[in-house]
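Structure, as structure tokens:
The values are calculated or read from the model by the stated rules, or taken from the named source; none is laboratory data. What you are looking at is a predicted structure, and each value in this text was computed from that prediction instead of being measured. Here Cβ is always computed from backbone atoms with ideal geometry, including for glycine, and neighbour counts include all displayed protein chains. Heavy atoms of the whole protein, side chains included, go into the accessibility calculation; ligands, DNA and RNA do not. Shrake-Rupley method; radii C 1.70, N 1.55, O 1.52, S 1.80 Å.
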Amino acid sequence: MSSPSLFSRLAPFIQEYIYNHNWTELRPVQIEACKVIFNTDAHLLVAAGTASGKTEAAFLPVLTLLHENPSTTIGTLYIGPIKALINDQFERLNDLLKEADIPVWYWHGDVSQSHKSKLLKNPKGILQITPESLESLLINKHHELMRLFGDLRFIIIDEIHAFMGSERGCQILCQLARLARVTQRQPRRIGLSATLGDDLMAEEWLCSGTDKLVITPKIEGGKRQIRLAVEHFYVYETNRRGAERSQRVGGFPPNPTIVGTPKPPVVATGVAERGKEEREGSISAYDRYVFNLSKSRKCLIFANNKSQTESVISSLRQIAAEEGYADVYHVHHGSISASLRQAAEAAMRTPNHPAVTAATLTLELGIDIGYLERVIQLESPLSVASFLQRLGRAGRRGEAADMRFVCAEEKVSSEALLPEQIPWQLLQCIAIIQLYLEERWIEPIKPLRYPLSLLYHQTMSVLVSMGELSPAALAKEVLNLPTFAAISQEDFKLLLRYLIEIDHLHLTEQGKFIIGLAGEKVIGKFQFYAVFPDNQEYVVKQGTTEIGSIVMPSPVGHLFALAGKTWEVVDVDFKRKIILVKQVDGKASIYWRGGSGTIHTKVLQRMRQVLFEDIEYSYLQENALKRLQSVREIARDAELDKRNIFQLEKGKCCIFPWMGTVAYRTLERLLNCFCRESLEISSISGDNPYFVTLKLAPKKIESLYSEIVSLCEQRIYNEDLVSHAEAPQIQKYDEFIPYPLLRKAFASNHLDMLELRQQVALWQGYSERPTY
């Protein structure tokens, strides 16, 4: 089917929309998606770059079929990972459907009850929803699901890489299976993503619980120009470093071309003089550099934690005020109020006006924020996928994507210990960039084998939605959900007995399960719908205007930063969890406790290669190049290419594992479980996944390498590294899981002896015998 014939196959109102918006042709991804939807009954996976037209690829054929044969209930269910993306897609679809008789609805926590009521009265068209709101419908509207979804034809899951490998993604698969049981229908599924490291794994995830095949059209990505620059600074404030990191995901088109001369790379005009370590009054060279990169531009600054977004915007505001520039600065993260987040999004969309927003992953996904001149990344992202997703936010109007990395570290003396002399963030930046430029490699996403927190959640959700059930009926409903294939009958019985014991379940005289009194307190809150942890934060208000929220209240009179501004606490209402504030001058700080992410072993291996190859990467700026040259000299002098274990001082040594987060964690536990006594280890510390520091008997240091190799040759399993005295609680509902199951899940989901063995075998290739 050619492009002209496909165009004529589309609904008349879509053809009119294409004419009115001056489209010259359908894009390759849209042509291929139409072929699959029109000519087969298979599921569809659209794996194509950012700004390639994926959303339209899904909706153009789906809307055409709904136009030709209107559904009698909701016909298409669109599931998005965040509210902002749903709001954005809602506006885009409304524009497309102006001339069509297909209603579009959105449903999440910020949508008014009146809007939701209109849908419930007349369920037709397209529903855009978050997994949490879909869970609410499954529980509270269980007896109306047939009326709402009985003629459901399509399910579109956007940004599926944000769901795969997580309990939230497993929750979606459970929800779709439960919905299919009620309606006795298997709607076709369409998955959208720009960053998939393994299409086959994504296909398996998308078709889970169904009997349909998945078709992933092979779409040739056009070459896209990108401009990259990496700079490095020494700083003196630890809050600049962003030590608390969190996991990211994302995407970008394949086959980019780097533009700019090899030496020096393209840099912004008016950049502050680099190489200064002294501070210019209260403004650091680091802050000045970021200010000049973003000055008078439409610019998005990505940080790896909330605290860093607050710090950088506060600094930029201070510089702008001192130099007479307008305040065009915004902060966008999960603890900022919805109104301020929407104001930031609107400012970024407004054409021909500078705007600078610092964000976490809340703006990493595919929200349309218009033309971006530049993306700035503070420190290294955790993954290639995150790098690509963030890079893809810039240059979305046919121009080159422009991304600048700014790495910082505290200055240490030449006498510092070896691991403290290595600029880990700079090496990680280079490794991530090179992995994509050289190999087009993106991290594969490992599925969860034992999502026990979700098992609790779905057990309670199924029971409260369906009413009382016998143990056998409850087990059938839950264990047949596609994500619980590894859960045995015995495991589930153990969970049910424990839930009876803690009064989350109650067994009636008739032998039926109902929710227990303690369980009612959990499911009775709206936070139950989510499987990710809910932070009970204090709402911050200036008068009646909500600014955002913070975890711990400060005393009256104290200052803190939020939304890039400084606030003084006027009053604290502990009962209502409200903090009243007034805005003041000056700069303050704030801290959120963040979760660490997972770095893939291949990134660490490429970091090691960066240390020892002689390449001078064209995108490195002056400071970054000098820092790389200096650390390469340090690495050569230390013979870091020949060994992994170094004696730092008497009774203290360091291991450079060059392995990812999971294998590193496994190594730590192997040492703790099997080497503490034999090597007389008194402490194990380090910085996952970069290095491990051990304090042990001086005479035992030479035995460390052979001990690790010997242990890796033995039949040691993941379960052997989890003691019977511990029960790691990581996910939201792990506190309600019996300890034996928690240990089993931790061993399976978070440890990997097989990978550790593979990586230790590589150590032996570096040198026949390590020296100390």
Between the stretch 418-464 and the stretch 67-135, the alpha-carbon center distance in angstrom: 31
What lysines could a cross-link reach from Lys577, if we take a straight Cα to Cα line under 23 Å and drop same-chain neighbours fewer than 8 places away? Lys306, Lys521, Lys525, Lys541, Lys565, Lys732
Got a sec to turn the phi values of the stretch 502-519 into Karplus ³J(HN,Hα) couplings, 6.51 cos²θ - 1.76 cosθ + 1.60 with θ = phi - 60°, whole Hz, x for Gly and Pro? 9, 6, 8, 10, 9, 9, 6, 4, 7, x, 10, 7, 9, 5, x, 4, 5, x
Debye, to nearest 20: dipole size of the chain, +1 on Lys, Arg Cβ, -1 on Asp, Glu Cβ: 760
Probe radius 1.4 Å, ligands and nucleic acids left out: which of Trp763, Trp105 has the largest accessible area, and how do the rest follow? Trp105, Trp763
Can you give the convex hull volume of the alpha carbon atoms of the stretch 540-671 per residue, in Å³? 237
Enter the Cα centre distance for the pair the stretch 695-726 and the stretch 467-523, rounded to the nearest angstrom. 39
Once the chain is represented by equal point scatterers at the alpha-carbon sites, with solvent omitted, what log10 I(q)/I(0) does the Debye formula produce at q = 0.06, 0.07, 0.08 Å⁻¹? -0.40, -0.56, -0.74
Span-rule helices in the chain, defined as complete DSSP H runs reaching 15 Å or more along the axis (Cα) with Kyte mean at least 1.0: 452-466
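Give me the 1.4 Å probe accessible area per residue for the stretch 21-123, excluding ligands and nucleic acids, in Å².
On the way: 4150 Å² over 103 residues.
Per-residue value: 40 Å².
Using the reciprocal of the averaged 1/r over all distinct C-alpha pairs, how large is the Kirkwood radius of the stretch 657-727 in Å?
Result for the stretch 657-727 stands at 12.8 Å.
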Pairwise Cα inverse-distance average, inverted: Kirkwood Rh of the stretch 504-588 (Å): 15.5
Distance histogram in 5 Å bins (all Cα pairs of the stretch 303-431, percent per bin): 2, 10, 17, 21, 20, 14, 8, 5, 3, 1, 0
Of every hundred units of 1.4 Å-probe accessible area on the stretch 598-690, the number belonging to carbon and sulfur atoms, as a percent, is 42
Per residue convex hull volume, Cα only, the stretch 466-540, in Å³ is 122
How much of the accessible area of the stretch 321-377, probe 1.4 Å, is carbon plus sulfur, in whole percent? 54
Projected area averaged over all directions for the convex hull of the alpha carbon atoms of the stretch 48-156, nm², comes out at 6.8
Take the Cα gyration tensor of the stretch 87-205, multiply each eigenvalue by 5, square-root it, and list the three semi-axes largest first, rounded to whole angstrom. 24, 18, 14
At 37 °C and a viscosity of 0.692 mPa s, what translational diffusion coefficient does Stokes-Einstein give for the stretch 79-124, taking Rh as the Kirkwood radius over Cα pairs? Give it in µm²/s as a whole number. 288
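At a 1.4 Å probe, what is the % contribution of carbon and sulfur to the accessible area of the stretch 1-99?
Solvent-exposed carbon and sulfur of the stretch 1-99 make up 49 percent of the total.
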Mind jotting down the distance between the C-alpha centroids of the stretch 598-674 and the stretch 13-48, whole Å? 47
Estimated FRET transfer efficiency when R0 is 41 angstrom, pair Asn352-Ala518 (beta carbons, to 0.05): 0.10
Equivalent ellipsoid semi-axes, the stretch 366-510, via Cα gyration tensor eigenvalues times 5, rooted, Å: 49, 23, 14
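Can you tell me the mean projection area, over all orientations, of the convex hull of the stretch 670-772's alpha carbons? Units nm², please.
Over all viewing directions, the stretch 670-772 projects a mean Cα-hull area of 7.6 nm².
Counting heavy atoms of the protein chains only and a 1.4 Å probe, report the per residue accessible area for the stretch 380-509 as a whole number of Å².
For the stretch 380-509, the solvent-accessible area averages 35 Å² per residue.
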